[in-house]
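Taking it in order: structure first as structure tokens, then the write-up.
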Amino acid sequence: MLRREFLSASLAALALQPADTPAEESLKQAAAPSGLLVGSAVSYREINEAAFAQLIARQCSIVVSENDMKWKALRPAPDKFDFTRADALVTFAEKNGIKVRGHNLCWHEALPDWFSKIANPDNARELLTNRIDTVVRHFKGKIHSWDVVNEAVDVKDMRADGLRRSPWLNLIGPEYLVIAFRAAAKSDPDAILTYNEYGLAPDSSQNEAKRRAVVALLRWLKRNEAPAQALGIQSHLKGKSPFAGLQHFLGEVRELGVRVFVTELDVNDEPFPVDIATRDRMVAGVYRDYLHTMLEERYVEAVLTWGLSDRDSWLRHRENRAAGVPRPLPFDDRLQPKPAFFAMREEFKKASRRD
Ligand code: 9MR
């Protein structure tokens, strides 16, 4: 590396030092007395960046790999698995006493390019169970919970059972869900097996239809002896939203004996004014309202945001806005805590003070 490049890299690293001093209470410290696990999705690049790694270790009691355990990442070719990046994350977490969620085993997205050329109704079951057996066994004993099936419901697909017309449904039929949960249970009986879904919060008629379909799916899985033990509520929120209906939904899930994790929380600030201070305050308000509702009954066991810093949010790479860049997460581009951080921490402290 040239000296000039070295200097600018060092300066960039300096600029990224998180400002919160060890004396300042972290998210995981605030949540610890309540038993609630808190954390974030993280990437391979983030765990290899000293300042970011330090931030993760300070704030998180649980992490999830944003992309490195998906089909595409772990299965570069039909005859090859590559665990390099996912192993690095698990090692980092182990060293820092952080739990790990596995994301995900079966999804209609992030499939490798070879998949559509090779998969057919005759080999699809074998492809699915082989992946699940290999991956779950590889990480056996190291995973707190697996997102076994991700986003299997889409009411817009107009099926009576609410299932999404995904490659897995087309190749195997609804039974693919049962196959996936049973295979995961066989390979790691200790991981909490989760069904992970978006579009369940906030309240809206569309989300209410999805809640109905998800409750029906959880019931159907139970009837078919598929060990779905937890529901992951993704929580990609947008703007100011009503959440009152969530209490009833959580009650129904609880009645089924299904545990609940908030798995992918962030707040898209697109509807808010461009002024940064105003936007950050409004985003914090949504975090506060949402966590207040979700944590009130002490039923939710974990809260993970979909990233820690605005700098790396998936919304940065996706949204095409007329004005302003997304600021959906608790830390800003320089890894400084934002109003959302303080709102989250306050809600975690409240949860810790509840009987
Ligand atoms: O944030 C993830 C992005 O970097 C990936 O390109 C994308 C496709 O693999 O997945 C994003 O994460 C998604 C998650 O895996 C499932 N729920 C929705 C998330 C945001 O799209």
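Quick look at the numbers
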| quantity | calculated |
| --- | --- |
| Contact order relative to length of segment 295-355, as percent, for alpha carbon pairs under 8 angstrom and 6 or more apart | 31 |
| Spin-label pair TRP114/HIS292, simplified geometry with 7 Å Cα→Cβ offset, distance in nm | 5.2 |
| Over 31 Å between alpha carbons, listed pairs LYS186/LYS240; LYS99/LYS238; LYS99/LYS350 | LYS186/LYS240 |
| Between segment 243-304 and segment 166-236, the alpha-carbon center distance in angstrom | 20 |
| Accessible area (Å², per residue) of the chain, counting only protein heavy atoms and a probe of 1.4 Å | 44 |
| Residue-averaged [θ]222 nm for the chain, counting only DSSP H segments that reach four residues, each worth -39500 (n - 2.57) | -13000 deg cm²/dmol |
| Cα gyration tensor shape of segment 68-218, rounded if a/c is under 1.5, else prolate or oblate by comparing a/b with b/c | oblate |
| Relative contact order %, the chain, counting alpha carbon pairs below 8 Å whose residues are six or more apart | 18 |
| Cα-centred dipole magnitude for the chain, charges only on beta-carbon of K, R (+1) and D, E (-1), debye, nearest 20 | 200 |
| Contour excess over end-to-end distance, with Cα ends at LYS349 and ALA51 and 0.36 nm allotted per residue | 104.7 nm |
| Average Cα contact separation per residue, segment 190-250, under 8 Å, 6 or more apart, as relative contact order % | 52 |
| Förster radius 35 Å - calculated FRET efficiency between ARG137 and ALA209 (Cβ-Cβ, nearest 0.05) | 0.40 |
| Cβ crowding within 10 Å averaged over residues, with 148-155, 329-336, 346-353 ranked highest first | 148-155, 329-336, 346-353 |
| Rounded if a/c under 1.5, otherwise prolate or oblate - segment 107-174, Cα gyration tensor axes | oblate |
| Ratio Rg/Rh, restricted to the chain and using Cα atoms, in which Rh is the Kirkwood radius | 0.96 |
| Theoretical FRET efficiency, 1/(1+(r/R0)^6), r = Cβ-Cβ of THR84 and LYS186, R0 22 Å, to 0.05 | 0.30 |
| At least 15 Å along the helix axis (C-alpha) and Kyte average at least -1.0, DSSP helices within the chain | 3-15, 84-95, 124-138, 175-187, 205-223, 276-295, 339-353 |
| Heavy-atom accessible surface of the chain: percent carbon and sulfur, 1.4 Å | 52 |
| Calculated FRET value between ARG334 and SER241, using beta carbons and R₀ = 22 Å, to 0.05 | 0.20 |
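The values are calculated or read from the model by the stated rules, or taken from the named source; none is laboratory data. The shown structure was predicted, so the numbers you read here are calculated from the model rather than taken from an experiment. Here Cβ is always computed from backbone atoms with ideal geometry, including for glycine, and neighbour counts include all displayed protein chains. The protein model used for the area step is the full one, side chains on, heavy atoms only, and it has no ligands, DNA or RNA in it. Shrake-Rupley method; radii C 1.70, N 1.55, O 1.52, S 1.80 Å.
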